[in-house]
Amino acid sequence: MPLQIGVIGSDGPINESVKNLAEEIGRLVARHGMVLICGGRSGVMEAAARGAKKENGITVGVIPGNNKKEANPFCDIVIATGIGRARNLVVVNSSDVVVAISGGAGTLSEIALALAENKLVIVLKGSGGVSNLVAGKLIGDSKVVEALSPQAAIEIILKYWKY
């Protein structure tokens with residue numbers, strides 16, 4: 001079974017730098033035969049899914065609403081939860097590793113949930129938002145691992161999983 005990598009981060013409009021980071025992590029996830037899990041909406045989620053699709057990867061979008069049409073066009077599989085923000089736990093529990101890029105309060109909640117579920121959490125330091133805020137921090141007994149690039153994040157995943 002391939003690793004499932006959750007990519008979380010800012011929804012809505014994102015700057016070019018964040019968009020490029022998200023697309024690159026999506027490409028690398030797919031290139032390594034991993035499945036991309038995301039919240040299925042816009043922003044970081046859409047850019048990461050677009051990147052994965054450029055490499056013929058598999059993408060899963062876990063959306064908060066009931067209507068599959070709210071998912072971005074790069075999601076192969078759409079899971080319409082109808083549970084609003086509670087879907088963040090579905091994203092986390094469906095992921096073997098969580099990678100955060102930029103982000104706000106929703107991303108922060110996913111990071112906290114992932115740590116509580118003993119998941120490896122990697123943030124792209126320098127991407128802005130809550131990712132910069134928590135990079136390298138110890139939260140409880142869990143450390144938020146920082147990576148300076150998408151490639152570095154993938155290298156951490158490969159080393160952690162001995163994949």
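The values are calculated or read from the model by the stated rules, or taken from the named source; none is laboratory data. Fair warning: this is a prediction, and the values are worked out from it, not measured in the lab. Ideal geometry is used to build each Cβ from the backbone, glycine not excepted, and the neighbour counts take in all protein chains shown.
In the set Leu113, Leu120, only one residue is in contact (Cβ under 8 Å) with a residue 24 or more places away in the chain and touching a Phe, Trp or Tyr at 6+ places or on another chain (Cβ under 8 Å); that residue is Leu120. Candidates Arg31, Arg41: the one that is of a type outside the set (Phe, Trp, Tyr) and buried (at least 20 other Cβ atoms within 10 Å of the Cβ) is Arg41. Within this structure, Gly129 passes the test of being of a type in the set (Gly, Ala, Ser) and at pLDDT 95 or above.
In segment 99-122, which residues are of a type outside the set (Asp, Glu) and farther than 18 Å from Ile14 by Cβ? Hits for segment 99-122 are Ser109, Ala112, Leu113, Ala114, Leu115, Ala116, Asn118, Lys119, Leu120, Val121, Ile122.
Out of all the residues in segment 1-24, which are assigned to a loop (DSSP other than H, G, I, E, B), within 11 Å of Ser42 (Cβ to Cβ) and of a type outside the set (Asp, Glu)?
Residues of segment 1-24 that are assigned to a loop (DSSP other than H, G, I, E, B), as a first pass: 1-3, 10-15.
Then keep just the ones that are within 11 Å of Ser42 (Cβ to Cβ); that gives 10-14.
Result: Ser10, Gly12, Pro13, Ile14.
Note down all Cβ pairs under 6 Å where the first residue falls in segment 60-77 and is without any contact (Cβ under 8 Å) to a residue 60 or more places away in the chain, the second is among the β-branched types (Val, Ile, Thr) and part of a loop (DSSP other than H, G, I, E, B), and they're at least six residues apart or on different chains. Pairs that qualify, where the first residue is without any contact (Cβ under 8 Å) to a residue 60 or more places away in the chain and the partner is among the β-branched types (Val, Ile, Thr) and part of a loop (DSSP other than H, G, I, E, B), are Asp76/Ile58.
Condition check ((1) at pLDDT below 95; (2) touching a Cys at 6+ places or on another chain (Cβ under 7 Å); (3) closer than 24 Å to Ala152 by Cβ) across all residues:
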position: Gly9; (1), (2), (3): no, no, yes
position: Gly33; (1), (2), (3): no, no, yes
position: Gly43; (1), (2), (3): no, no, yes
position: Ala52; (1), (2), (3): no, no, yes
position: Thr59; (1), (2), (3): no, yes, yes
position: Val78; (1), (2), (3): no, no, no
position: Thr81; (1), (2), (3): no, no, no
